[in-house]
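*Asks:* Structure below; questions to follow.
Bear in mind these aren't lab numbers, they're just calculated from the coordinates by the rules spelled out. If you're wondering where the values come from, they're calculated on a predicted model, not measured in any experiment. Note that we place each Cβ from the backbone using ideal geometry, even for glycine, and neighbour counts take in every protein chain shown.
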Number of protein chains: 2
Amino acid sequence: MKKALAIDVGGTKIYNAIIDETGKILSDVEKHSTPKTFDQIKAIFTEIIKKYEKDVDIIAFSTCGEVNNENTKIVGSTGNIAKEYPNMNFKELSTKPVYVENDANCAAWAEAKIGAAKDSKNSVMITFGTGVGGGIIINNKLFKGKSGAAGSMHFKMYPDKRRKCTCGAWDCFEAYTSGPGLAKTAAEMTGNPDVTTYDIIDGVKNSDDKMIEIYNRWHDYIISGVIGLANLFDPECFVLSGSMAEFIQTDRVEKEVNSEIITAPVKIFKATAGNYSGMIGAALLALNSGGING
Amino acid sequence: MKKALAIDVGGTKIYNAIIDETGKILSDVEKHSTPKTFDQIKAIFTEIIKKYEKDVDIIAFSTCGEVNNENTKIVGSTGNIAKEYPNMNFKELSTKPVYVENDANCAAWAEAKIGAAKDSKNSVMITFGTGVGGGIIINNKLFKGKSGAAGSMHFKMYPDKRRKCTCGAWDCFEAYTSGPGLAKTAAEMTGNPDVTTYDIIDGVKNSDDKMIEIYNRWHDYIISGVIGLANLFDPECFVLSGSMAEFIQTDRVEKEVNSEIITAPVKIFKATAGNYSGMIGAALLALNSGGING
């Protein structure tokens, strides 16, 4: 059975493992802190690849940043990683083939193949964390668009410039539904800039009226966004993932979304492919040459 | 060369013409007023088909309402046409094959094949009129989603229930950017419920400050929506069509959208496939079995 060396590259951590074509993790998962500079990041890649490339058929990167439709390089800039990182020449890192895909797209692919969306031909995965990412599957293929950036969850919640998004634009879905977005809403609603997402979740557990109001507002933003996505993409399901997803009431989102959309009903699931879904998706895409729509 | 009898069905008019597989209209275009009842509509279809079916290979309907992925029937309800119309059994209307597709999807297909988007693999067409419709082409295929309703331009401009949309939900793109949506904005901004879209366009021509402010607000809504669509779909271009499109400043929309999106730049075009793009698209889809993505 074919195997991939999967490497997941985020702003904070780099993970690697050997994964087979069914998505099974065959090795220990190794973890490194993401270093500050391009050269240090490249040195870690080189070290990992030197150690394992002989045991695998392909190197599969799941990385922050949007990736081109040829799966060879990052296009545009990425947030919280060395600013030269997008210039990485992945192909020259190994004598084996190298495949690169965006981490949210990899996770969406893992969910579509072995996770919550495995019975769906069309699915939309949304990751809620420090940012908000998206990966969209259309007709069993990964949807990339013309430049590889399709599925970017930067559509507007308001048309009138209220809150700046990390992407540089105004009022994106991310700016209201990410962890920092929820904290910002809390600061606006309480006048206290120090309320954390933990305070909000704790407050909800302890029946604090104000925290429940903030938590409900956060759900309203999520529901508003998902309604639009359901009408635009008409998928069988949505998969919610990321560190903030555990606090989302999926039953409530599903009920409210289905009461407003004009497309056929959607299912709302939590992700089930696990913490390493990025690596698993990268390996599955790389080993089975998953089709691309774009 | 193969030919289709194309029939365009709207709430006000029914058109028909014979069109070949290159999209050329070979006959006069006939026009009927859309009657009130299901039986009267069916009688017009029967009359048209009886007259022309012997001359063509297929009957191609471009219709209001979303159409299933098998292109045989309407799914869900439609706005301003006899409420039983979605029950029409199109197949039994002719001894020749019958193909049915949504009118906005047909127009988007015509633009993608012979119109403004003919050099694009991925395009988003938006029709601005009494309502706002959409048709999306992904990787040279019509994007339909699981139930045929993908590309519905019902995503929210605000998350907090300000203006009801004709679809029954709140604050959809349609509710702010359609002709009636523009008039509603004018009523809100002037306190006068009788301002028409004509008054606004005339006012802009005559440098009326208030009308210019309303016109600019309308553009802000359009630009906000297109930014989100560009980030989600990453298309090469947008095609703006419909009776209201002639009043949209495409250069301004293109410039502002490209200054905010995180995907690669998009082009904004006006539609070029003409008034009969629905019939042309239906004929091209029916005769060339255009692929479906969903």
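*Asks:* When each copy gets a label point 7 Å from Cα toward the beta-carbon at B:Arg162, what are the spacings between them in nm, shortest first?
*Replies:* Label-point distances to the other copies, shortest first: 0.9 nm.
*Asks:* Provide the FRET efficiency to the nearest 0.05 for the A:Glu47-A:Ile212 pair, computing r from the beta carbons and using R0 = 56 Å.
*Replies:* Result of the calculation: an efficiency of 0.70.
*Asks:* Select from A:Glu246, A:Glu236, A:Glu101 the residue whose mean-square fluctuation is largest in a Gaussian network model of chain A (Cα-Cα springs shorter than 10 Å).
*Replies:* A:Glu246
*Asks:* Then there is this: If the reach is capped at under 15 angstrom between alpha carbons, list the aspartates and glutamates near A:Lys270, excluding any in the same chain fewer than eight residues apart.
*Replies:* Straight-distance partners of A:Lys270: A:Glu111, A:Asp119, A:Glu236, A:Glu246, A:Asp251, A:Glu254.
*Asks:* Put a label point 7 Å from Cα along the Cβ direction on A:Gly129, then list its distances to the equivalent points in the other copies in nm, shortest first.
*Replies:* Label-point separations across copies, in nm and ascending: 4.6.
*Asks:* Which percentage, to the nearest 5, of the DSSP beta bridges contained in the protein assembly as shown is antiparallel? Write out the running numbers ahead of the final one.
*Replies:* Numbers: 48 of 92 bridges.
If I count the DSSP bridges inside the protein assembly as shown, around 50 percent turn out antiparallel.
*Asks:* Further question: Could you give each residue of the stretch B:281-286 its phi-based ³J(HN,Hα) in whole Hz, using Karplus coefficients 6.51, -1.76, 1.60 with θ = phi - 60°, and x for Gly or Pro?
*Replies:* With coefficients 6.51, -1.76 and 1.60, one gets x, 4, 5, 5, 5, 5 Hz.
*Asks:* Work out the FRET efficiency for B:Thr190 and A:Ser259 from their Cβ-Cβ distance, taking R0 = 51 Å, and round it to the nearest 0.05.
*Replies:* Efficiency at R0 = 51 Å is approximately 0.90.
*Asks:* Which distances, shortest first and in nm, link A:Pro97 to the matching position in the other copies, using label points set 7 Å out along Cα to C-beta?
*Replies:* 3.6
*Asks:* Quick one: go through the stretch A:23-58 and flag any residue whose amide nitrogen is under 18 Å from the point 7 Å out along the Cα-to-Cβ line of A:Lys2.
*Replies:* Counting backbone N atoms under 18 Å from the label point, the list is A:23-26, A:53-58.
*Asks:* With the alpha-carbon atoms as the only input, what is the per residue convex hull volume for the stretch B:12-64 in Å³?
*Replies:* Here the figure is 86 Å³ per residue.
*Asks:* Based on the Cα atoms of chain A, what semi-axes does the equivalent ellipsoid have, where each is the square root of 5 times one gyration tensor eigenvalue, given in whole Å with the largest first?
*Replies:* For chain A, the semi-axes come out at 33, 22, 17 Å.
*Asks:* Over 30 Å between C-alpha atoms is what I'm after, so list which of A:Lys144/B:Lys156; A:Lys2/A:Lys42; A:Lys121/B:Lys3; A:Lys113/B:Lys255; B:Lys13/B:Lys113 land there.
*Replies:* Going by Cα-Cα distance, A:Lys121/B:Lys3; A:Lys113/B:Lys255 fall outside the 30 Å limit.
*Asks:* Treat every Asp and Glu Cβ in the stretch B:3-102 as -1 and every Lys and Arg Cβ as +1, leave all other atoms uncharged, and give the resulting dipole magnitude about the Cα centre to the nearest 20 debye. Mind dumping the intermediate values first?
*Replies:* Numbers: 13 positive and 15 negative charges, 51 e Å.
So the magnitude is around 240 debye.
*Asks:* Length gain on complete extension for the stretch B:Lys36 to B:Asn275, per 0.36 nm per residue less the alpha carbon to alpha carbon distance?
*Replies:* Once the chain is fully extended between B:Lys36 and B:Asn275, it gains 83.7 nm.
*Asks:* Next question. Once every DSSP H run of n ≥ 4 in the protein assembly as shown is given -39500 (n - 2.57) and the sum is divided by its residues, what mean residue ellipticity at 222 nm do you get, rounded to the nearest 500 deg cm²/dmol?
*Replies:* Details: 16 runs with 202 residues, N = 588.
After summing the helix terms and dividing by residue count, I get -11000 deg cm²/dmol.
*Asks:* Further, regarding this structure: So how long is each side of the protein assembly as shown along the principal axes, counting just the alpha-carbon atoms, biggest first, in Å?
*Replies:* In descending order, the Cα extents are 75, 57, 43 Å.
*Asks:* While we're here: For the pair B:Glu84 and B:Asn288, what calculated FRET efficiency results from E = 1/(1 + (r/R0)^6), where r is the Cβ-Cβ distance and R0 = 35 Å, to the nearest 0.05?
*Replies:* FRET efficiency, B:Asn288 to B:Glu84: 0.65.
*Asks:* Follow-up. What whole number of Å gives the distance from the Cα centroid of the stretch B:203-250 to the Cα centroid of the stretch B:59-114?
*Replies:* Answer, in whole Å: 28.
*Asks:* A follow-up question, please. Given Cβ point charges of +1 (Lys, Arg) and -1 (Asp, Glu) and nothing else, what value in debye, to the nearest 20, does the dipole of the protein assembly as shown about its Cα centre take? Intermediate results must be reported in sequence, preceding the final value.
*Replies:* Values: 66 positive and 72 negative charges, 190 e Å.
Here the protein assembly as shown has a charge dipole of around 920 debye.
*Asks:* If you count, for every residue in B:73-80, the Cβ atoms of partner chains within 10 Å of its Cβ, what is the mean?
*Replies:* Partner Cβ neighbours, averaged per residue: 1.
*Asks:* For the stretch A:185-289, what number results from the quotient of the Cα radius of gyration and 2.2 N^0.38 Å?
*Replies:* Relative to the rule-of-thumb radius for its length, the stretch A:185-289 sits at 1.29.
*Asks:* I would also like to ask the following. Using unit Cβ charges (K, R positive; D, E negative) and no other charged atoms, how large, in debye to the nearest 20, is the dipole of chain A about its Cα centre? Spell out each step's value before the answer.
*Replies:* Values: 33 positive and 36 negative charges, 142 e Å.
Value, rounded to 20: 680 debye.
*Asks:* List the residues, sorted by chain then number, that are 5 or more residues from A:Gly134 or on another chain and whose placed amide H is less than 5 Å from its amide H.
*Replies:* Hits under the 5 Å cutoff: A:Thr127, A:Met153.
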